[in-house]
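Written below as structure tokens is the structure these notes are about.
Readers should treat all values here as calculations from the given coordinates under stated rules, not as data from a laboratory. Computed from a prediction, not measured in an experiment: that's the story for all the values here. Because the Cβ atoms are built from the backbone with ideal geometry, glycine has one as well, and the counts that use them run over all protein chains shown.
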Amino acid sequence: MGARCCKPEMEARQNTSSLGRQEEKSLHGYEILGQIGEGCYGRVMKGVKGDQLVVIKVVEKRYLLDERDALEEVEILKTAEHPNVVRFIEFIEEADRFIIVLENLEGGELFDRVAMVGNFVEDDARKVMKSLLDVLAYMHARDVVHRDIKPENLFLVDPHDSTNIKVADFGHARRLDGFKETRCRGNPGTLAPEMLLREPYGTQVDMWSAGCVMFVLLGGYEPFYDRSARNLVRKVRSL
């Protein structure tokens, strides 16, 4: 599944479904193998340099509310030293976009694996949740909140192992430095109510999202769902 934006945030920017750039064959020495996703801010492509397969995240500056958000993602990834966090490789800035190169994870999204198997047995779900909670403990100890924990942002390292995951997509992550945040970021179906209410929040909101991930793993479906993003936000805010 592609990245989904928080509804209030989407209303603040133009639609990004047409990025207006010709298909690229190479990018800063990386051969582009194809596009694998498109989100609120740009595209995600698979590339290769030598024998190294990579994921290339291209962030269009014109769609960012604040360019510092993308730069903060880079700084968080560059300094992260955890076996269950996607590995940062390279950062390139162009006049109109940022390019973030990350390790390629062969297993795909955890969301797709759940969709394929229906739901996880408890032992496999426990292993996934342990890895996720280890990452959150590591990040929260450094006063970093991810703000977009969901099955689509958890990737399997090996296509033959449903429990070895890495946390990816730190595009909404923020270093709080002791302060509270109020901005709404991420997918409303997995966001804590205080985020949708625009109340001050801290790293605890990631724990709500982690609970939503556990629900999906064991149940095989999302705890909050509605075809209307507005109704979905209303459901979560009413809790």
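Each Lys or Arg adds one and each Asp or Glu takes one away; over the other residues whose Cβ falls under 13 Å from the Cβ of residue 223, this sums to 0. Under the membrane-span-like helix rule (DSSP H runs whose alpha carbons stretch at least 27 Å along the helix axis, mean Kyte-Doolittle hydropathy -0.5 or higher), the chain yields 122-141. Toward the positive end of the charge dipole of the chain, with +1 on the Cβ of Lys and Arg and -1 on the Cβ of Asp and Glu, the farthest Cα among 202, 128, 145 is that of 202.
For segment 48-117 versus segment 209-239, the inter-centroid distance based on Cα atoms is 26 Å. For the chain, lysine pairs with C-alpha atoms less than 19 angstrom apart, excluding pairs fewer than eight positions apart on the same chain, total 18. In this calculation the C-beta distance from residue 197 to residue 141 is compared with R0 = 25 Å, giving a FRET efficiency of 0.40. Using Cβ point charges alone (K and R +1, D and E -1), the dipole size of the chain about the Cα centre works out to roughly 780 debye.
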